[in-house]
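Have a look at the structure below before the remarks.
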Amino acid sequence: MPELPEVEVIRAGLAPVVSGRTLTRVRVLHPRPVRYHPAGPQGFAAELAGRTLTEPRRRGKYLWIPFEDGDALLVHLGMSGQFRVDMPDAPLRPNTRVLFDFDDDSRQLRFIDQRMFGGMQLSAGGAELPPQISHIALDPFAPDFDPETVARRLRAKRSTIKRSLLDQTLVSGIGNIYADETLWRCRLHYEQRNASLSQRRAVEVLSTAREVMTASLAQGGTSFDALYVDVDGAAGYFSRNLAVYGRQDQPCDRCGTPIVREPFMNRSSYRCPGCQHRPRRSLVAQ
DNA sequence: CAAAAGTCCTGCTTGC
DNA sequence: TGCAAGCAGGACTTTT
Ligand SMILES: [Zn+2]
């Protein structure tokens, strides 16, 4: 469940399941999701045993489960990672990668990841904020997030707007879906130069991104298929509110023009050609 | 077979 | 010219 609203749904779902419980055994079924853990699969499993978990936290698309001892389990879901909660004797779903057993022998935590772009590692001293993600910017939901400051940084970049919305060191949590939805709401083309935006306009873009993600979170996030479900397997319903993402050839809700899908940054961008015009080659662009 | 909701690494470009 | 930072493109992976 990859972008900010989906990760937040997972975090919230995990909270009552893991808070206050102590790990007894961790089994790594595939080494790749643990590739960033220096001690490898065996070390990872061994170092986690005996830890007591507290309420999960999140920054952007990263989430971490702090331990009572000050360390933490840092997780990124990548493109297809998910956490599921099942009884220990329930059959494993395909692509199950890591199993977490607790001292009460009750509900088992399972990490499932088809493409394995996601990963997890033990973060020493990472309970408050794992040092491994110190380069990740605040997300628009963070209390200290300052749109004016971020807007100024955004406008100082030579890059273009969608690329910057996806830049997790500038503002975190926004992915391909919510970038496209934000740009549609703001009537901006994804290749608009940052420097061409006024401060007011740049702030508006950031506010819009927060609004779209807030609306999505209220619907439980976006789920196109079974890959994107919460810890109990429930899907979110924001896909019915999407204006452009995944709506190729369907009419724009605003002007009726068919939505187009275009390759950009080795992925797809969706936009309305009627209200999101390709920018004129700007002077700053060169 | 093309495409899928992400991040990291590498090499090229830019600006002091 | 030299260096550091900024920027863009490709790699990584499995499944439908
Ligand atoms: Zn339109």
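The values are calculated or read from the model by the stated rules, or taken from the named source; none is laboratory data. Please read these numbers as outputs of a predicted model, since none were measured by experiment. FYI the Cβ positions are ideal-geometry reconstructions off the backbone, even for glycines, and counts take in every protein chain you see. Just so you know, the surface numbers come from the protein's heavy atoms only, side chains and all, with ligands and any DNA or RNA stripped out. Shrake-Rupley method; radii C 1.70, N 1.55, O 1.52, S 1.80 Å.
For the stretch A:147-283, a Kirkwood hydrodynamic radius built from all Cα pairs, placed in the Stokes-Einstein relation at 10 °C and 1.306 mPa s, yields a translational diffusion coefficient of 103 µm²/s. Loop-located GluC sites (Glu not before Pro) across the stretch A:1-66 with a Cβ neighbour count of 16 or fewer within 10 Å are lacking, with loop assigned by DSSP. Between 0 and 90 degrees, the angle of helix A:176-185 with respect to the longest Cα principal axis of chain A falls at about 30 degrees.
Measuring between their Cα centroids, the stretch A:10-30 and the stretch A:51-81 lie 9 Å from each other. Using a/c under 1.5 as the rounded threshold, could you call the stretch A:4-133 rounded, prolate or oblate? The axes a ≥ b ≥ c are square roots of the C-alpha gyration tensor eigenvalues, and prolate needs a/b larger than b/c, oblate otherwise. Rounded, because the longest to shortest axis ratio a/c is under 1.5. On a per residue basis, chain A carries 45 Å² of accessible surface, using protein heavy atoms and a 1.4 Å probe.
The figure for residue A:186 is an accessible area of roughly 10 square angstrom, using a 1.4 Å probe on the protein chains alone.
Distances over 22 Å make up what percent of all Cα-Cα pairs in the stretch A:151-227?
The proportion of pairs with Cα distances above 22 Å equals 19 percent.
FRET efficiency for the pair residue A:268 and residue A:215, taken as 1/(1 + (r/R0)^6) with r the Cβ-Cβ distance and R0 = 25 Å, rounds to 0.70. Extension gain, residue A:12 to residue A:224, is 74.3 nm, computed as 0.36 nm per intervening residue step minus the present C-alpha separation. How far is helix A:199-218 tilted, in degrees, relative to the longest principal axis of the Cα atoms in chain A, given as a value from 0 to 90 rounded to the nearest 10? With rounding to tens, the tilt is 40 degrees.
The slack in the chain from residue A:199 to residue A:22, taken as 0.36 nm per residue of separation less the alpha-carbon distance, amounts to 58.9 nm.
Set the Förster radius R0 to 45 Å, insert the Cβ-Cβ distance between residue A:68 and residue A:159 as r into 1/(1 + (r/R0)^6), and round the FRET efficiency to 0.05. Provide the component values of the computation, followed by the final result.
Details: r = 42 Å, r/R0 = 0.94.
About 0.60, to the nearest 0.05.
An ellipsoid equivalent to the stretch A:54-197, defined through the eigenvalues of its Cα gyration tensor, has semi-axes of 35, 19, 11 Å when rounded to whole angstrom and sorted largest first.
Can you divide the C-alpha Rg of chain A by 2.2 N^0.38 Å and report the result to two decimal places?
Working: Rg = 20.2 Å, N = 286, 2.2 N^0.38 = 18.9 Å.
Rg over 2.2 N^0.38 Å, computed on Cα atoms: 1.07.
Taking label points 7 Å from Cα along the Cα-to-Cβ direction, residue A:248 and residue A:52 give a separation of 5.3 nm.
Relative to the longest principal axis of the Cα atoms of chain A, helix A:4-18 runs at roughly 20 degrees.
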